[in-house]
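> Structure incoming, see below.
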Amino acid sequence: MKLFEPIRIGAIEVQNRLVMAPMTTHFGAEGYVSDQMIRFYERRARGGVGLISVEDGIVDCPIGNNTDHPLAIDSDRYLPGLAKLAAGIRNQGAASIMQISHAGRRAGQIASDNGCLKRTGGRLPVAPSALAHPSPGHVVPKPLAADEIQNIITRFEQSAERAVRAGFDMIGLHCAHMYLCGQFLSPWSNKRTDEYGGSLENRMRFVLEIVKRIRTTVGANVPIVCRMNGKEPEGGNTPEELAAIAVALEHAGADALHISVGFASVLWDKDFIPAEATIGMPEGCIVDLAAAIKRAVSIPVIAVNKIRHVQFAEQVLQENKADMIALGRPLLADPDWPLKARQNRAEDIRPCISCCQGCVGNIEKGRPITCMSNPQLGRENELPMSQAQAARKKKVLIVGAGPAGLEAALGAATRGHNVTIWERNQAVGGKLQLAAAPPGKEEFTELLDYLDRAARKQGVKIALGKKADSAAIKRFGPDVVVLATGSRPVLPAQLKFCQGASFIPATEVIGGYKPIGPTVAIIGGGMVGLETAKMLSSQGHAITVFEMLDDIGTDMPAIIRIPLLLELREKGVKLLPRTPVRELSAEGISWENERTRGVLKVDTIILATGEKPDDGLQRELEGVVERVYLVGDCKRPGNMPAAIADAYSVGLEI
Ligand SMILES: Cc1cc2nc3c(=O)[nH]c(=O)nc-3n(C[C@H](O)[C@H](O)[C@H](O)COP(=O)(O)O)c2cc1C
Ligand code: SF4
């Protein structure tokens, strides 16, 4: 496979064509590298990826911060941690890139909780021009004076030199995603009239000076990998200008180019492709942008963004569209992606399903990353399941083959237990099947198939159409029972039901179990309600969504939420935030908001207002079985990553 051929970047030979894309983890503390961060990167290096790009180190903290918990590289006090990190990656056999960055105007986000400029420590962010970042809540930045520009160029140079002293093999200059370097490059954000703005030559000056200064300081043996956007929003650089930038970077001393897209927030534009292409978008949706740049330069070009499958990655290389493939989220979901690909075991790769819930979603909330698919992410200090063999082999019965049941079964069986699952339905999947049902969410099926396949490979016996009750369980005689029986819809306490009122839980609609009339009201505007609205509106139903909270879809990451809201609006779905429903009756839905109240008569009312645990079996099993665990929604209804993580813990504990 071409994926596993070595490749030279500048003076360094990389053992294969796979690169770990830089990803902010929020694992650091106060700018410092943490032990968890080191373990996280070491684990990915052990999985066989040839080259690892560490997340962006900020060259001027806090004014250049792009996240709530950045990694800093603007002082020697960070050097010991960075050195441990570089050594950790090298000791596991991978080469390393230290990405360096400055967020520019993107740092100027006003914190929603206290209205402060949290990321910059209260200071006005800086940028080429006095134009706020386009996503809501950003202040107008201070345009940089000429001496301040020189100061930042020096900071990039010093940070690169520090990265080399720390032991990193290569420097990654972050010119993508419209951070400060991208802001200078693009007419979209650079309106200067001095030698750093106006013509393309002037707009490139800042970045090219940085590349040349880094090259002079680090010498010829340290490759510089520049990350840049292959496409910009309207008013930004044209494809021809982007190709010219690529050529100029090569001439200035860049040894490889990494072609990305987006700008660390989401545009209210249905054609916008974010830096992290989401569920439903085609695989490799920006590979052609890399191919276009590759035609313009002679240095290696790296392609990225939703390249998930081994065959697809190989094909990109075979078709000469790129020289290397960067994997970001796929390596969060499975650090052993490269090893398994090399061993021809693609079906054993835990899939990234592009849901963005645990990774991008947590960064948005200021939390460390997690992964829907991989509960071991963030727990790299623990022994992997295969090495955490159980002291006593037990007979384990899992009730329910949803995501939590399958994950618990996989863990327990991997640790050597004798595991059986009873599933009352005729198919495995539970909530995963429901999650995969709306149009564009089919990737969820890949996670379900993986869990099903992996559990069976570990010897888990799955009995379908098998109802569990205490008598049957007693006869089966397990040592341990894990209840993964899910949840049931809950009726909101403040909602009054009058005679003649009827409703359908959203889960039954998504499952396709109930007929739906032409006009529909959905009560609950969270993810489940909105996915239901999407599915029904594409089937031609007229939908109104009632949500009591101030906003719609607040339980979703913006990267998933905004395109969904755009689509719903386009399909004519009425979205009513701050509009609680008070009563359901034969007359219809009585609702009210701050200004007015009304009654809506529809054919079908759908409830998407939450769930309560379906844990009735627990009481029945008291005294019958040595140990009963509850996992997933049947313990605490919540989101799927939490359910899978919970089940993983139980698998490790039994
Ligand atoms: C949690 C997260 C954090 C990211 N942080 C960075 C970053 O620090 N620097 C950067 O250049 N790109 C960052 N990205 C973008 C990735 O490098 C990559 O381009 C993107 O995830 C698409 O590739 P993938 O589909 O293989 O994940 C981040 C992506 C994710 C998911
Ligand atoms: S949380 Fe979702 S998108 Fe992010 S890495 Fe995991 S599976 Fe992929």
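The values are calculated or read from the model by the stated rules, or taken from the named source; none is laboratory data. Worth saying up front: this structure is predicted, and the values here are computed from it rather than measured. Methodologically, a virtual Cβ is constructed for each residue, glycine included, from the backbone with ideal geometry; neighbour enumeration extends over all protein chains shown.
> Restricting to region 377-394, name every residue that is touching a His at 6+ places or on another chain (Cβ under 9 Å), surrounded by 15 or more Cβ atoms within 10 Å (Cβ to Cβ) and among the charged types (D, E, K, R).
K394
> Can you pull out the residues in region 8-39 that are over 19 Å from D68 (Cα atoms) and under 19 Å from the mean Cα position of the chain (by Cα)?
Within region 8-39, V19, M20, A21 qualify.
> For the subset of region 304-323 comprising residues that are assigned to a helix (DSSP H, G or I) and within 13 Å of ligand 1 (Cβ to nearest atom), which member is nearest to F444 (Cα to Cα)?
Per the stated criteria, the residue is F312.
> Oh, and also: Answer yes or no as to whether A326 is more than 8 Å from ligand 2 (Cβ to nearest atom), touching a Lys or Arg at 6+ places or on another chain (Cβ under 8 Å) and not in a helix (DSSP H, G or I).
no
> Ok, one more. Name the single residue that is nearest to ligand 1 (Cβ to nearest atom) among those in region 274-291 being under 18 Å from E443 (Cβ atoms) and among the charged types (D, E, K, R).
Among residues in region 274-291 that are under 18 Å from E443 (Cβ atoms) and among the charged types (D, E, K, R), the one nearest to ligand 1 (Cβ to nearest atom) is E276.
> From the list G588, G632, exactly one residue is crowded, with 16+ Cβ neighbours inside 10 Å, among the small types (G, A, S) and not assigned by TED's automatic domain parsing to the domain that holds G411. Which is it?
On inspection, the qualifying residue turns out to be G588.
> State which residue is surrounded by the fewest Cβ atoms within 10 Å (Cβ to Cβ) when the search covers only region 542-571 and only residues that are more than 27 Å from S354 (Cβ to Cβ) and not aliphatic (A, V, I, L, M).
If we take residues in region 542-571 being more than 27 Å from S354 (Cβ to Cβ) and not aliphatic (A, V, I, L, M), then D550 is surrounded by the fewest Cβ atoms within 10 Å (Cβ to Cβ).
> Given (1) without any contact (Cβ under 8 Å) to a residue 24 or more places away in the chain; (2) part of a strand (DSSP E or B); (3) among the basic types (K, R), identify the lone condition not met by R582.
(1)
> If you scan region 259-280, which residues turn out to be under 20 Å from A291 (Cβ atoms), more than 16 Å from ligand 2 (Cβ to nearest atom) and assigned to a loop (DSSP other than H, G, I, E, B)?
Within region 259-280, V261, D271 meet the criteria.
> Is there any pair linking a residue in region 275-286 that is of a type in the set (D, E) to one that is more than 12 Å from ligand 2 (Cβ to nearest atom) and in a loop (DSSP other than H, G, I, E, B), with Cβ under 7 Å and at least six apart or on different chains, and which?
Correct list of pairs: E283/I307; E283/H309.
> Considering region 336-356 alone, what residues qualify as being more than 11 Å from ligand 2 (Cβ to nearest atom), part of a loop (DSSP other than H, G, I, E, B) and either buried (at least 21 other Cβ atoms within 10 Å of the Cβ) or touching a residue at least 24 places away in the same chain (Cβ under 8 Å) (or both)?
Scanning region 336-356 gives D336, I349.
So that you can scan it fast, the table gives a plain yes or no per residue for (1) more than 16 Å from ligand 1 (Cβ to nearest atom); (2) touching a Leu at 6+ places or on another chain (Cβ under 6 Å); (3) touching a residue at least 40 places away in the same chain (Cβ under 8 Å):
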| position | (1), (2), (3) |
| --- | --- |
| A391 | yes, no, no |
| V396 | yes, no, yes |
| P438 | yes, no, yes |
| L451 | yes, yes, yes |
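> Given the conditions (1) out of contact with any Pro (no Cβ under 6 Å at 6 or more places or on another chain); (2) surrounded by 15 or more Cβ atoms within 10 Å (Cβ to Cβ); (3) outside any loop (DSSP other than H, G, I, E, B), and given that A645 satisfies all but one, which numbered condition is not satisfied?
If we test A645 against (1) out of contact with any Pro (no Cβ under 6 Å at 6 or more places or on another chain); (2) surrounded by 15 or more Cβ atoms within 10 Å (Cβ to Cβ); (3) outside any loop (DSSP other than H, G, I, E, B), just (1) comes out false.
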